[in-house]
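The structure under discussion appears below in the form of structure tokens.
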Amino acid sequence: MNQFEMNTTNSEETSQFATRLAEFLQPGDVIALEGDLGAGKTTFTKGLAKGLEIKKTVNSPTFTIIKEYKGRMPLYHMDVYRVADAFEDLGFDEYFEGDGVTVVEWAHLIEEQLPSELLTIYLYHEGQEQRKIVLVPKGNRYEQLCKEIFR
């Protein structure tokens, strides 16, 4: 399995990369975001939202689990950190197969419910503001997407 890596020097660069990624996204795409607290998962999602032309302020859906935003295509932003039971039926599949892009923070907590093909993005602290971003595509669609972004 290929993986693609890049480094950013500040949160603005992280957001800009996500904005660029959004240009390549299609309805039904699923992005799993992983990283420690404060690694930039919400910053990344804000950048995606900007690229999807979402005007509303994006923030972490920590206590609501799922937030929906409307732009050139919908963004379904999930934070499953507080999901007590990984098999709890919250209708995730309806979002994964929906007409928008789904971003799942702490996705490993619901791994059994995730689609078999998706793009996992890991964000790592490399310093105060620096981040290492690792994209791991699962499936041909996401492999091609990564190759296009890193062209």
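A few comments on the model shown:
- Flag if ALA18 is under 13 Å from the mean Cα position of the chain (by Cα), under 19 Å from GLN130 (Cβ atoms) and among the small types (Gly, Ala, Ser): yes
- When residues in the stretch 27-49 are screened for being open to solvent by 20 Å² or more (accessible area, probe 1.4 Å) and either hydroxyl-bearing (Ser, Thr, Tyr) or more than 13 Å from the chain's Cα centre (by Cα) (or both), 6 of them pass.
- Cβ-Cβ under 9 Å pairs, at least 6 apart or on other chains, the stretch 15-29 side under 16 Å from LYS70 (Cβ atoms), far side among the β-branched types (Val, Ile, Thr): ALA22/VAL101; LEU25/ILE31; LEU25/VAL101; PRO27/VAL101
- Qualifying residue in the stretch 51-64 (condition: among the hydrophobic types (A, V, I, L, M, F, W, C), open to solvent by less than 80 Å² (accessible area, probe 1.4 Å), over 18 Å from LYS138 (Cβ atoms) and modelled with pLDDT of 95 or more): yes
- Applying a threshold of 9 Å to beta carbon distances and a minimum spacing of six or more residues, or different chains, the list of pairs starting in the stretch 93-110 at a residue that is without any contact (Cβ under 8 Å) to a residue 60 or more places away in the chain and ending at one that is surrounded by fewer than 22 Cβ atoms within 10 Å (Cβ to Cβ) and hydroxyl-bearing (Ser, Thr, Tyr) reads TYR95/TYR76; LEU109/TYR81.
- Pair list, Cβ under 8 Å, 6 or more apart: the stretch 137-151 residue at positive phi and at pLDDT below 95, other residue β-branched (Val, Ile, Thr) and in a strand (DSSP E or B): none
- Residue check: THR43 meets all listed conditions (1) farther than 20 Å from GLN26 by Cα; (2) modelled with pLDDT under 90 but one, namely (2).
- Pairs with Cβ under 7 Å, 6+ apart, first in the stretch 65-83 and in contact (Cβ under 8 Å) with a residue 40 or more places away in the chain, second in a strand (DSSP E or B) and open to solvent by less than 20 Å² (accessible area, probe 1.4 Å): MET73/VAL101
- Among the candidates TYR95, TYR76, the residue that is buried (at least 19 other Cβ atoms within 10 Å of the Cβ), within 14 Å of PRO27 (Cβ to Cβ), at pLDDT below 90 and not polar (S, T, N, Q) is uniquely TYR95.
- Any hit, the stretch 111-121, residues being open to solvent by less than 30 Å² (accessible area, probe 1.4 Å), at pLDDT 95 or above and out of contact with any Leu (no Cβ under 9 Å at 6 or more places or on another chain): yes
The values are calculated or read from the model by the stated rules, or taken from the named source; none is laboratory data. Everything numeric here is computed off the predicted structure, so don't read it as measured data. Using ideal geometry, Cβ is built from the backbone for each residue, glycine included, and neighbour counts are taken over all protein chains shown. When the accessible area is computed, the model is the full protein with side chains, heavy atoms only, and any ligands, DNA or RNA have been set aside. Shrake-Rupley method; radii C 1.70, N 1.55, O 1.52, S 1.80 Å.
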